[in-house]
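Everything below concerns the one structure shown next.
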Ligand code: GLV
Ligand code: MN
């Protein structure tokens, strides 16, 4: 027999489950509460996302983005380039829960294993022939070779990659159910983090000796320097023993944090959250590291200049904050 208190308890449980279910099944950015909320990337207010630009300042320009029309420069060790079209480049996406990327591949190029913590990904191959694969949390590997017009999907958070297996170039356009999906890229995450993961963790995790981890770490730091080879080339001609050039991070104009931003930029896939406070230190470090157009198209110096013109000079407050950061910079 069910007592009356038992049945009201059951009823209460059912009600709680019914109330909670819709929330637990939300798997993308939350729904917006207005038509749009063009991101004010420079606001000093910190919220989950970005505050909205005042309506009076919104223009049609905020709802269009041509960053994915250009082919990415694939002359790097991976032979691939991810061009992102998320809220940071395209503020009109703010609160809408969607974004897109373009990924270009040289022949043999690889978009290395990575995962997006905040989004599922779908993509369509536009040109070439790509091996697309992802691995489930049960370590099952799903893959297929795709050609132009064919699509793929990668469930949220799972590790995936694309490899160009065709004769020529390839490119794909990808879409996400998040305005800022984030990307954890396996090689730099594990072997070039800052500060570094202790070798003891990695030797145990991969069941190898120290020298194997050191070799991978030094390869990964080489990856890091792709966009800064301007400086490396100069250092290597200035020093006789070019195999042994030491760079002291605290000596870098702009400081260690600015170097960190430059390093993140080098990986291309990592999203950089830039605020007015960081701009000048990052600019000094990027200039010092020679991250210029002559080394790589769309390099960091040019991106920072564009950010300065379009975002900082837009308002007095950010201009003043940026000016104030000059106090801490070397003369
Ligand atoms: C491809 O995997 C992408 O993240 O754009
Ligand atoms: Mn991806």
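The values are calculated or read from the model by the stated rules, or taken from the named source; none is laboratory data. No experiment lies behind these values; they were computed from the predicted model shown. Cβ placement follows ideal geometry from the backbone for every residue including glycine, while neighbour counts extend to all protein chains displayed.
Quick notes on this one:
- Subset of the stretch 55-84 that is touching a helix residue (DSSP H, G or I) at 6+ places or on another chain (Cβ under 8 Å) and within 25 Å of residue 108 (Cβ to Cβ) - its residue that is surrounded by the fewest Cβ atoms within 10 Å (Cβ to Cβ): 77
- Among the candidates 124, 140, the residue that is surrounded by fewer than 23 Cβ atoms within 10 Å (Cβ to Cβ), more than 19 Å from the chain's Cα centre (by Cα) and within 12 Å of ligand 1 (Cβ to nearest atom) is uniquely 124.
- Qualifying residues in the stretch 180-199 (those that are touching a helix residue (DSSP H, G or I) at 6+ places or on another chain (Cβ under 9 Å) and more than 27 Å from residue 142 (Cβ to Cβ)) - the one nearest to ligand 1 (Cβ to nearest atom): 192
- Taken over the stretch 35-69, the residue count meeting the criterion of being in a loop (DSSP other than H, G, I, E, B) and without any contact (Cβ under 8 Å) to a residue 60 or more places away in the chain is 19.
- In the stretch 58-65 there is no residue that is in the same structural domain as residue 167 (by TED's automatic domain parsing) and within 16 Å of ligand 2 (Cβ to nearest atom).
- Look at (1) part of a strand (DSSP E or B); (2) surrounded by 22 or more Cβ atoms within 10 Å (Cβ to Cβ); (3) within 20 Å of the chain's Cα centre (by Cα) and you find that residue 134 fails only one, number (2).
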